[in-house]
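Participant: Got a structure for you, questions after.
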Amino acid sequence: MNKPLRPPTLPRRRLLQWGGAWAGLHASGLARAQPAPEAAAEGPEPPRLALLIGNREYPDGDDLPPIHKNVHDLAAALEKRGFTVTQGLDLDLAQARATLDAFAAQVKAAPADATVFFYFSGHGAQVDAENLLVSARTSPRARPDTLARGSLALGTTVLEELPHRPSGLTIAVIDACRTSLRDVAKGDGLNQVEAPPGCLVAFATGAGKPAIAPADDTRNTFYTASLVKLLGSSSDEISFSDLFRLVKYDVQNTMLNHPVALLRQFAQFPFIAENTQVQRRLAPRQAAAAAAAPPRFASRDEAADWARLEATWWPADVARLAGEFRANHPGSRLADSAEVARVGATEAAQTLRRRDVSLFRSAFEPLPEVALSAAEVAKAGRGDKDAAARLARLWGLRSGRYDINRYEGWLEYAAALGNGIASYELALHCRRNGEPLRADQYESRARELGYTPPPSLDNVRK
């Protein structure tokens, strides 16, 4: 018989590389109104600032020909979307730090609701569970200590340097950790992360997986090619959140259907970690007004159907309504957003049918004392693995056996959706409660999902 469940104890050390699994999640810290959609906002567009770093020059035959094209093409696409872009090419560590510091100062001086875009393309590495962005002219095959000294750390340098602003949007795109075809079977990659508040983090491929770069400078990498294409072709009404999911699907489809068999075999499945509280659409408000953009909805029926979809949280219902919206309004400016909702909710509905997920329809109700939990439930109903983990922690901070069951159920759901950090958190919880076999299963699952616990974390098996 299992021992009685106990509320999760707060870890002495941070579970995550920034913010901590529990930081900022107490109900009193989240009790704020759910944000309104960007389309309903008025006033001038908040500033849009971007820093793009691209490192092509690496020794020992590890140079990356597409990187300069990546940066130039992405800069042009972002400028068309209202961004002021700073570029840095082939930066050593000192140059990269100086460029990042100058950009961070610019961001700190901007309004709290600014949109910030950080992009790195080059070699990536993982040392002691930290994700490293390898500086130009530093070998990605160097010893771990050399790599650590010659790289920007994604978590402790980049994301901690940029101010956390829940009322704004910070996007960090890492098109890195790529390798040559001769090394692709090694499978090393970046560590899975959870995003700080107000942030969306995107990797060109799954955590712990390799990515591949073309061998010439006339083509983009697969991920950046899709990002540039969809920045230019997507509806003005789509949110940045939905954009990055469209990019994910496009990269998967491109590589799974590639004529080269080896590329199909090692197709990239991009990674997204999101913790945003605003829905910022692709087109700046001034640009939309200047262009006399058509109304968001073509009819009252379309507006009513979209409102019904947005108000629905249970995954099976979301998937059905999203499919109906696309069928009834095929020319809608929000058709792609409906498709993102349909795909995510379909995965979520399938996940809820798994035997290792004990989460039921009654769980998809917001916590009454936490206003923002409604937004988190809506995201979780569309397959957001990180929103599911945050909901688990909210339930875990409440007292009582019933709440702990919800804590476990939401963590099971998050892990099944691909959150390796949630899986490891559940492993620690099971170990504390005398369930070693279940703990081993979830720890193994966390590593399969690309999560390596930091060495500072007490992760020694009891």
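Just so it is clear, none of the values below were taken in a lab; they were calculated from the coordinates. Every value quoted in this text rests on a predicted model; they were computed, and no experiment measured them. Here the Cβ positions follow ideal geometry from the backbone for every residue, glycine too, while neighbour counts run over all protein chains shown.
Participant: With θ taken as phi - 60° and the coefficients 6.51, -1.76 and 1.60, list the Karplus ³J(HN,Hα) couplings across the range 235-245 in order, rounded to whole Hz; mark glycine and proline as x.
Facilitator: 4, 4, 7, 6, 7, 4, 4, 5, 4, 5, 6
Participant: Collect residues whose amide H, placed 1.01 Å from N in the peptide plane, falls under 5 Å from the amide H of ALA172; neighbours closer than 5 in sequence don't count.
Facilitator: Placed amide hydrogens put PHE118, LEU200, VAL201, ALA202 under 5 Å from ALA172.
Participant: Can you tell me the FRET efficiency between GLU324 and ARG97 if r is taken as the Cβ-Cβ distance and R0 is 51 Å, rounded to the nearest 0.05?
Facilitator: For R0 = 51 Å, the calculated efficiency reads 0.50.
Participant: Rounded to the nearest 0.05, what FRET efficiency do ASP217 and ASP60 give with R0 = 22 Å and r taken as the Cβ-Cβ distance? Could you check?
Facilitator: 0.70
Participant: List the residues, sorted by chain then number, that are 5 or more residues from ARG56 or on another chain and whose placed amide H is less than 5 Å from its amide H.
Facilitator: The answer is ASP90.
Participant: Oh, and also: From the square roots a ≥ b ≥ c of the eigenvalues of the alpha-carbon gyration tensor of the range 46-275, which class results: rounded (a/c under 1.5), prolate (a/b over b/c), or oblate?
Facilitator: Judged from the Cα gyration tensor, the range 46-275 comes out oblate (a/c at least 1.5, b/c at or above a/b).
Participant: Rounded, prolate or oblate: which fits the range 293-352 when a ≥ b ≥ c are the square roots of the eigenvalues of the alpha-carbon gyration tensor, with rounded for a/c under 1.5 and prolate only if a/b beats b/c?
Facilitator: Judged from the Cα gyration tensor, the range 293-352 comes out prolate (a/c at least 1.5, a/b above b/c).
Participant: Would the range 187-243 count as rounded, prolate or oblate if I go by the C-alpha gyration tensor, calling it rounded below 1.5 in a/c and otherwise prolate when a/b exceeds b/c, oblate otherwise?
Facilitator: Judged from the Cα gyration tensor, the range 187-243 comes out oblate (a/c at least 1.5, b/c at or above a/b).
Participant: Taking θ as phi - 60°, what are the ³J(HN,Hα) couplings along the range 58-64 by the Karplus curve (6.51, -1.76, 1.60), each to the nearest whole Hz, with x for Gly and Pro?
Facilitator: Residue by residue, the range 58-64 yields 9, x, 6, x, 9, 5, 10 Hz.
Participant: Next question. Only counting other Cβ atoms within 10 Å, I'd like CYS199, CYS430 sorted with the fewest neighbours first.
Facilitator: CYS430, CYS199
Participant: I've got another one for you. List the residues whose amide H sits under 5 Å from the amide H of ILE212, counting only those 5 or more places along or on another chain, with H placed 1.01 Å from N in the peptide plane.
Facilitator: Amide H neighbours of ILE212: THR179.
Participant: How far apart, in nanometres, would the label points at ASP440 and ARG264 be if each is projected 7 angstrom from Cα along the Cα-to-Cβ direction?
Facilitator: 3.9
Participant: Give the residues of the range 121-155 whose amide nitrogen is closer than 19 Å to a point set 7 Å from the Cα of THR86 in the direction of its Cβ.
Facilitator: The answer is 121-122, 133-136, 151-155, whose backbone nitrogens lie closer than 19 Å to the label point.
Participant: Can you tell me what the convex hull of the Cα atoms of the range 317-372 projects to on average, as an area in nm²?
Facilitator: 5.1
Participant: Now, a different point. Taking every DSSP beta bridge with both residues inside the range 46-275, roughly what % is antiparallel (nearest 5)?
Facilitator: Looking only at bridges with both residues in the range 46-275, the antiparallel portion is about 30 percent.
Participant: Based only on other Cβ atoms within 10 Å, what is the fewest-to-most ordering of SER337, SER151, SER358?
Facilitator: Placing the least packed residue first, the sequence is SER358, SER151, SER337.
Participant: Roughly speaking, what is the centre-to-centre gap between the range 257-272 and the range 197-250 when only Cα atoms are used, to the nearest Å?
Facilitator: 14
Participant: At ALA148 and ARG361, where each label point lies 7 Å from the Cα along Cα→Cβ, what is the point-to-point distance in nanometres?
Facilitator: Taking the simple label geometry, ALA148 and ARG361 are separated by 5.2 nm.
Participant: OK, next. Provide LYS379, LYS80 in ascending order of the number of other Cβ atoms located within 10 Å of each residue's Cβ, fewest first.
Facilitator: Least to most surrounded, the residues fall as LYS80, LYS379.
Participant: Then there is this: Please list 3J(HN,Hα) in residue order for the range 77-92, calculated via the Karplus relation 6.51 cos²θ - 1.76 cosθ + 1.60 where θ = phi - 60°; whole Hz, with x for glycine and proline.
Facilitator: After applying 6.51 cos²θ - 1.76 cosθ + 1.60, I find 5, 5, 4, 5, 9, x, 8, 8, 10, 10, 10, x, 10, 6, 8, 6 Hz.
Participant: Additional query: Computed over the Cα atoms, what is the radius of gyration of the range 233-337 divided by 2.2 N^0.38 Å, N being its residue count?
Facilitator: 1.28
Participant: I've got another one for you. On a straight-distance basis, which aspartates and glutamates could pair with LYS209 in a cross-link, Cα separation under 16 angstrom, same-chain partners fewer than 8 positions away excluded?
Facilitator: Once the sequence-local aspartates and glutamates are set aside, what remains near LYS209 is GLU130, ASP175, ASP183, ASP188, GLU448.
Participant: Moving on. On a C-alpha basis, how far is the centre of the range 65-132 from the centre of the range 382-451 in Å? Whole number, if you could?
Facilitator: About 33 Å separates the Cα centre of the range 65-132 from the one of the range 382-451.
Participant: Give me the number: length gained by fully extending ARG353 to GLU310, i.e. 0.36 nm times residue separation minus the C-alpha to C-alpha distance, one decimal in nm.
Facilitator: Roughly 13.2 nm would be gained on extension.
Participant: Same structure again: For ASP301 and ALA335 in one chain, what is 0.36 nm times their gap in residues minus the Cα-Cα distance, to one decimal in nm?
Facilitator: Contour length minus Cα-Cα distance gives 10.8 nm.
Participant: Still on this structure: Can you list the residues of the range 340-364 with backbone N under 20 Å from a point 7 Å past the Cα of LEU256, pointing along Cα to Cβ?
Facilitator: Under 20 Å, as judged by backbone N against the label point of LEU256, lie 340-354 of the range 340-364.
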